[in-house]
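Below is one structure, written out as structure tokens; comments come after it.
Every read-out reported here was derived from the displayed coordinates using simple, explicitly stated rules and does not represent laboratory data. Because the structure is a prediction, the values reported are computed rather than measured. Here the Cβ positions follow ideal geometry from the backbone for every residue, glycine too, while neighbour counts run over all protein chains shown.
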Amino acid sequence: MIRFLTRKVPSVVFVLFAGSVVAFALPRLAPGNVAVTLAGENPTAANVAAIQRQLGLDRPLLVQYWDWISGLFRGDLGESYLLHRSVASVIGDRLESTVELAVLSTLLVILIGTVLGVLAGSTGRNWARATLDLAGSLFIAVPSFLIGVLLILVFGVLNRWLPVSGEVGFLHDPAIGIQYLTLPAFALALGPAAAVARLLQTEMRAAGNEEYVDLARSKGASASRVTIRHVLRNSVGTAVVAVGLQIGNLLAGAVVIEAIFNRNGLGQLVVSSVQTRDFTVLQVLILGVVFVAVICQILTEIVLAALDPRIKLGD
Amino acid sequence: MADVQPASAAVAVPEARRRLNPTLARYLSAFRTPKGMTGLAILLLLGLAALLAPVLFPGGYDRQGRASLTGMSADHIFGVDEYGRDIFVRSIYGLRIDLSLILTAVPLCMVIGTLLGLSGAISERLGAAVQRVLDVILGFPGLILGICLVAVLRPGWPALFLTILITGLPSTGRLARSAWLSQQNREYVLAARVLGVSRRQLLLRHVLPNAMDAIVVNGAVWMVVGVYIEAGLSIVGLGVQPPTPSLGVLLNNGLRFITQSSTYIVGPALLILLLAVGFGLVSDALNEAVNRR
Amino acid sequence: MTPADGRLHGGEPPVTSPTRPAAAGRPASPTAEDAPLLRVEGLRTEFRLKDGGVKAVNDVTFDIRPGEVVGIVGESGSGKSVTVRSIMRMLRPPGEVVAGSVRLDGEDLLTLPEKEMRRRRGSKVAMVFQDPQAALNPVMTVGDQIVEAMTVHGVGRKAARERAIRLLEQVGIPDVRAKIDQYPHQFSGGMRQRVVIAIALANDPTLLIADEPTTALDVTIQAQILRLLARLSSELGIAIAIITHDMGVVAELCTKVVVMYGGRTVEKGTVEQVFEHPRHPYTAALLAAMPRLDDDRLGRPLPAIPGAPPDPAALPAGCPFAPRCRFAEDACEQEPPAMLPIGDSGQEVACVVAHRDAETPIRDLPDPTQVPVPDGPATAASTADTVVLEVRDLKVDVGRRRGLLRRESSVYAVDGVSLSVQAGRTLGLVGESGCGKSTLSRSIVGITPIAGGSILVDGTDVSERREQNLARVRTSVQYLFQDPYASLNPRRTIRQSLAEALALTGVGGRDREAAARDLMAQVGLRAEHLDRYPHAFSGGQRQRIGIARALARRPRTLILDEPVSALDMSIQAQIINLLGRLQDELGLGYLFIAHDLSVVRHLSDTVAVMYLGRIVEYGDAAAVYGAPQHPYTAALLSSSPVPTVSARSRERIVLPGDLPSPANPPSGCRFRTRCPIGPLVHADRTICAEVEPQLTTTATGQRAACHFAGELASRP
């Protein structure tokens, strides 16, 4: 485990470094003076001068980068010149909303994906397989925002069953919070869940043709035992990888879903900081996304190694 | 009727087929299946409508009527928007934007991605380095990358174009690279090497044709992804800027007025779905055609 | 007589069956002797596809009695595997048994409800599969997999584990207490097959069905498994049905044979009957066409069977063998002949001609199509002295390099090998998988880089400045790959494939078309087929195309990498004959790589035996086969199954253990860890571990790398 982590360090550092370079470069690539850009849409001369001084924009790029990145390590995420608040507090305000959405969606992806995948992968009935196939193709093909629109129309406009706009913190009031959370979480999760189910199903059907499954059947094991102990057990790895891959999609999808359901989360913060050109906030958010994606990838590999004795963490 | 066109085009294929390159003939055979034909028919219909929009609706997408936010009717099959503009006309013009994006960005992405993926043929170090860079791009979820580009370039067509192009590179590049890596150890490639076939010929004759299948199918899939990227960025307000309509912009507007006119959003959403179904059927048919014996 | 007791019986305890009472009634009881244990009658299995059904099994009937070892033998598409899957009721959809019965102890398995059938599987009938790499669940410990076989039939976990330990000991797994909790990937191929057998034995089945149990294994490992199966039969009295394509395995192990062709049983009888007096033209022709270790037909073509086995989707209306049969008459093509007894000793055959001429065995009938074969031409002698390819002290490093900084240590798959190929002559290179023979041959043509030593083509050293010199290599040395399906680009017509090669030889324009047609004729294919794609050809035809493509470069040397091992047995002789003819006509030098010693014997003038990256014996084929000086050569020869009944009584050398890893070869003699005359047996022979033996000339003329060369030479 320790060896695995140390072996992973170079590639993780590389990806994070690349991400930080991109984030660092953003305001500097944009046309015009960086300080003017950072000062927002209607900059005042004093503001611009202050930013110029504070960031040391007259110093070499490497020094600027070092200042920024070492600040991040010290926990100093910078200052939003538009909102006149620290980036940390701006992000902190929005964190709960997005974390709630992401966690519930991920749980739904795992739950729906595995259940549908196992059903479609193990059923021998042609009609059941065809129905599940069709439903799967549909949800893979239809993007999360259209599913969101459909859910809003059905559950919020035509029938006023659930709230479709705004939010209440789950920790603040679980009963109400879950109502606000349900539709966006489903909108976000259905597509990735169908993708997970599809991969799991394909893998299970492939595993079903393996000789060790024949051997298990020739032992006299029952169909359900063969499915669970042999077919599924050898296919979960794929499901784990699929879930790991889909988390990136979830994060990206959250930006749109938050907009559709008017949730004040980090996704909306990303959008508004692009619109107002508040780069100090945007930089940190971008790096954060890359960081989360990297962590997910490492977790995936660890789970995969735990599931498969052939994979040894460390070699 | 516009959708008679594809059927006759497909029937004409067999005669021409004998002289065709077998790889191309296989791709064309996809359009003789019911799936491929339906997909092609949908796409041609949409394509024609978009192409002929200025002829069909010479008034442009900005002509305002008196009523606003009415539902679907015989005069305005998708209804009218907050300024009394016909949503159907705006959708067709929006389709032009979307098609112009994906039909330029995706093919370009396929070409560049293939070249990047095959860079390993020049030197293994270069190939591995390129793969590293592509992996970093893959680390950015599609929309996040788009948001970065929009932040730098300001919202608009160029930012969308680049987003679709760049987000598609890793998958195409990876397909080409894995084809290169796996084909290298195939016995028929080894056999060609033993005969003395040059590297360039090896790539052109043996590796590329066998890599093309996956890349072409992937290209058809990316057409849909391209539309979704446009729509996603437009919904959050970072796409094409009003009053220019794109399908995503129309979705954005529809969402804003969803409580006043629940049908506003339905028309543009249906068009996006139709586009997705068309490309989906075509990519499915292509996939089956290339895997057919 | 069973081949069970060879040398080195050593460590393995006798197979016992603790859970079965001694007087369980079989096979000692005379009443049970008469009733068949398994009776398959009129079995028909079809695969229903969209475009019509494929009749995979047509009217198959045979019996297996307690204690018998029955060989079900046939080529690919003969329906042998589908037959056993039908018996086990483990057909994959859309396969379906449409007629017939399968009675086990008098009870029809085909009519049982699935739940009842499940209780028979594994407890009364058990199965051993072909590929031990694939037959074990990779994420379950081997112990759990054996235990599962018992717990699903109601045995308690604790008792099951105790028995699993005993079973693993019985099948010859060393250090069971540690190994039982390991995963399959920690076992070698041979050890995994032993585990699969242990699983099959878990519930004391009365019948064991083994589907090609040794096909995926090396010769020396195959010998271990065959001996284990023979012991099971003799010590437990278990009935065994073994599905195989290898006549040698049948002759070695079985008491009875069922020969299948085109989904039908065409002949059955005892091994003695079928091998000594084959009645069906197919059986007779097949036995005659196989190259043998003791072949006296050297330098002459084998009596090959023309054509290819039928496609199960398009079977002929009459006898499935009729299109290839030299005795075929009009009647043969009308309807399939019935299986009828011939003689009065229980042999049965489905052939109209054989029944009419029941007195004369079919083998001795005059062959209406036989053309007189000219005696081996003497052309070879004139060119024999020219060395066209020479390898000196070659080393090939296959150690992987990962990352920028870390460098894995070297792994020499080929470690100091020298050999030479002469024009018009064949050097046979023999060894098991992993010995480095393919790495060696691929490094010669530049697919794998070399780490040391030199390669000489037509007397010129081409090992320096590889890139420029490779062009030179390729004008003189060509390569024929093992897998005829993989070595042709599926996207290119035969014409395109040949044109590519011809263009490189400098044949252009109008000449190219003529050259392509000539090549097709040379390898026995029709020029009209030039515009077809590879998938339109059978395996044998594809291998001919591969040969034509190699010849297009007008080489002086051909490297043949297992050119017939992927082909059906009735096709192999055709390709062997073609290669022999081309050598005579063109004076080609062959480097012939194979694991099948009989094929090598038939084609080779000189033989090199390779073990773990080194050549251990090298010399004249007759000398090496007649009096093997190195114990490894002797063991290989002794382990190879021979398709004659008379060979059954010979004493066998069965090597213990597996091939060591080339990454960490044993000190001194690399073979000492498995050697039947080395320190394993003679503790005083410490020299084997200390001093590496060099190739030295022995008394019989060939060279061998052994401190005690010749000790096993007298063995036949």
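Can you compute the FRET efficiency between C:GLU276 and A:PHE14 using 1/(1 + (r/R0)^6), with r the Cβ-Cβ distance and R0 = 60 Å? Round to the nearest 0.05. Here the calculated transfer efficiency is 0.25.
Value of Rg to Rh for the range C:433-542, rounded to two decimals, is 1.03; Kirkwood radius and Rg both from alpha-carbon coordinates. Taken over the Cα atoms of the range A:83-136, the convex hull encloses 80 Å³ per residue. For the range B:123-191, the relative contact order is 33 percent, taking Cα pairs closer than 8 Å that sit 6 or more residues apart in sequence and dividing their mean separation by the residue count. Label sites at C:SER433 and C:THR697, each approximated as a point 7 angstrom past Cα along Cα to Cβ, lie 3.9 nm apart. Computed extension length for C:SER188-C:ALA663: 169.4 nm, one decimal, from 0.36 nm per residue of separation with the Cα-Cα distance subtracted.
Once you compute Rg and the Kirkwood Rh from C-alpha atoms, what is the Rg to Rh ratio for chain C? Don't skip to the end; give the middle numbers.
Values: Rg = 26.5 Å, Rh = 27.4 Å.
My calculation puts Rg/Rh at 0.97.
Calculated on the alpha-carbon coordinates, the convex hull of chain A measures out at 170 cubic angstrom per residue. At 1.306 mPa s and 10 °C, plugging the Kirkwood radius over alpha-carbon pairs of the range B:48-117 into Stokes-Einstein gives what diffusion coefficient in µm²/s? Translational diffusion coefficient: 115 µm²/s. Modelled spin-label separation between B:GLN64 and C:LYS115, with each label point placed 7 Å from Cα along the Cα-to-Cβ direction: 7.6 nm.
Over the alpha-carbon set of the protein assembly as shown, divide Rg by the Kirkwood Rh and report the Rg/Rh ratio to two decimals.
On the way: Rg = 36.1 Å, Rh = 35.7 Å.
Rounded to two decimals, Rg/Rh equals 1.01.
In terms of other Cβ atoms within 10 Å, C:ARG161, C:ARG297 run from fewest to most in the order C:ARG297, C:ARG161.
Per Stokes-Einstein, at 10 °C and 1.306 mPa s, what whole-number D in µm² s⁻¹ belongs to the range C:571-716, with the Kirkwood radius over Cα pairs as the hydrodynamic radius?
On the way: Rh = 16.5 Å.
In µm²/s, the coefficient is 96.
Against the main long axis of the alpha-carbon atoms of chain A, helix A:266-275 sits at an angle near 40°. Magnitude of the charge dipole for the range C:490-541, about its Cα centre and with charges confined to Cβ atoms of Lys, Arg (+1) and Asp, Glu (-1), is about 140 debye.
Let me have the 222 nm mean residue ellipticity of chain C computed from DSSP H runs of 4+ only, each contributing -39500 (n - 2.57), with the sum over all residues rounded to the nearest 500. Display every interim value, and only then the final one.
Numbers: 23 runs with 210 residues, N = 716.
One gets -8500 deg cm²/dmol as the mean residue ellipticity at 222 nm.
Here r is the Cβ-Cβ distance between A:ALA88 and B:ASP135 and R0 is 35 Å; the resulting FRET efficiency, rounded to 0.05, is 0.70.
If you take every residue apart from B:VAL217 with its C-beta less than 10 Å away from the C-beta of B:VAL217, what net charge results, scoring Lys and Arg +1 and Asp and Glu -1? Intermediate results must be reported in sequence, preceding the final value.
On the way: positive: none; negative: B:ASP213, B:ASP284, B:GLU288.
Neighbourhood net charge equals -3.
About its Cα centre, the dipole of the range A:53-173 is roughly 340 debye, where the only charges are +1 on Lys and Arg Cβ and -1 on Asp and Glu Cβ.
A simple count of charges around C:LEU112, restricted to other residues whose Cβ falls under 14 Å of its Cβ and scoring Lys, Arg +1 and Asp, Glu -1, yields +3. In the distance distribution for chain B, Cα-Cα pairs more than 25 Å apart total 55 percent. Shielding by partners for peptide C:170-177, expressed as the average number of C-beta atoms from other protein chains within 10 Å of each residue's C-beta, is 0.
Subtracting the Cα-Cα distance of C:ALA313 and C:THR386 from 0.36 nm times their residue separation leaves 21.3 nm of extension gain.
Taking the Cβ of each residue in B:LEU190, C:LEU226 as the centre, tally the other Cβ atoms inside 10 Å and list the residues starting with the fewest.
On the way: B:LEU190 19, C:LEU226 24.
Arranged by neighbour count, lowest to highest, B:LEU190, C:LEU226 become B:LEU190, C:LEU226.
Size estimate for the range A:33-121 follows the Kirkwood approach: the inverse of mean 1/r over distinct Cα pairs works out to 16.4 Å.
What pairs in A:LYS8/A:LYS312; C:LYS80/C:LYS115; C:LYS115/C:LYS158; C:LYS50/C:LYS115; C:LYS50/C:LYS80 have C-alpha atoms more than 19 Å from each other? Numbers along the way, then the final one.
Values: A:LYS8/A:LYS312 13 Å; C:LYS80/C:LYS115 26 Å; C:LYS115/C:LYS158 25 Å; C:LYS50/C:LYS115 30 Å; C:LYS50/C:LYS80 24 Å.
Beyond 19 Å between Cα atoms: C:LYS80/C:LYS115; C:LYS115/C:LYS158; C:LYS50/C:LYS115; C:LYS50/C:LYS80.
Taking the C-alpha atoms only, the angle from helix A:2-29 to the longest principal axis of chain A is near 40 degrees. Scanning chain B for DSSP H helices at least 30 Å long along the axis (C-alpha atoms) with a Kyte-Doolittle mean no lower than 1.6 picks out B:34-56, B:87-117. Treating the angle as unsigned and between 0 and 90°, give the value, to the nearest 10°, between the Cα long axis of helix A:279-307 and the longest Cα principal axis of chain A. Helix A:279-307 sits at roughly 20 degrees to that axis.
Contact order, relative form, for chain C: 14 percent (alpha carbon pairs under 8 Å, 6 or more residues apart, mean separation divided by residue count).
Counted by neighbouring Cβ atoms within 10 Å, the residues B:TRP222, B:TRP157 run from fewest to most as B:TRP157, B:TRP222.
Seen from A:LEU266, the other residues with C-beta closer than 11 Å to its C-beta sum to a net charge of -1, counting Lys and Arg as +1 and Asp and Glu as -1. Helix-only estimate, please: 222 nm mean residue ellipticity of chain A, summing -39500 (n - 2.57) across DSSP H runs of length 4 or more and dividing by its residues, to the nearest 500. Taken over chain A, the calculation gives -24500 deg cm²/dmol.
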